[in-house]
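Take a look at the structure set out below.
The values are calculated or read from the model by the stated rules, or taken from the named source; none is laboratory data. All figures in this text were calculated on a predicted structure; none of them were measured in a lab. Note that each Cβ is placed from the backbone with ideal geometry, even for glycine, and that neighbours are counted across all protein chains shown. Accessible surface areas use protein heavy atoms only, side chains included; no ligands, DNA or RNA. Shrake-Rupley method; radii C 1.70, N 1.55, O 1.52, S 1.80 Å.
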Amino acid sequence: MRKDILKRFLTNTDETGRFLMKSRITGIIYFVEPIYNGKTPKWGDLNPATGQLEGNYGSKYTGAVTKKESLITEENGFVNIGYFKGSPFGAIEQRDKAHQERLKQ
């Protein structure tokens with residue numbers, strides 16, 4: 001993997017939600033990048049006088065990227081790219097166990 005991709009991947013992680021997870025069993029480093037559809041929930045400050053939401057902050061610090069903004073692509077040198085709903089930890093555990101089994105053979 002190119003160093004520039006790694007640097008971009010680990011930049012501004014609060015906004016992008018990107019993180020690395022290293023397996024204690026196989027030593028593989030998994031790159032995780034939450035993907036969302038580009039629509040953020042409305043949230044902000046509730047004005048007690050009017051009951052209205054003010055200062056929509058939904059587009060800031062989404063903790064995810066759109067599929068178009070994703071860095072995890074074959075063009076960037078990634079292989080075995082997978083998409084799934086929910087927590088990435090279960091999917092990573094399954095992949096790691098499968099890799100461990102292949103190493104035993």
Subset tally (residues that are open to solvent by 50 Å² or more (accessible area, probe 1.4 Å), in contact with a strand residue (DSSP E or B) (Cβ under 8 Å, 6 or more places away or on another chain) and modelled with pLDDT of 85 or more) for region 41-79: 1
Residue pairs meeting the criteria (Cβ under 7 Å; at least 6 apart or on separate chains; first part of a loop (DSSP other than H, G, I, E, B), in region 45-64; second open to solvent by 80 Å² or more (accessible area, probe 1.4 Å) and modelled with pLDDT of 80 or more): Y61/D14
Of all residues in region 1-40 being free of Cβ contacts under 8 Å to residues at least 60 places away in the same chain, open to solvent by 60 Å² or more (accessible area, probe 1.4 Å) and in a helix (DSSP H, G or I), the one that is farthest from N76 (Cα to Cα): D14
Scope region 73-89; condition without any contact (Cβ under 8 Å) to a residue 24 or more places away in the chain, closer than 17 Å to L20 by Cβ and small (G, A, S); matching residues: G82, S87
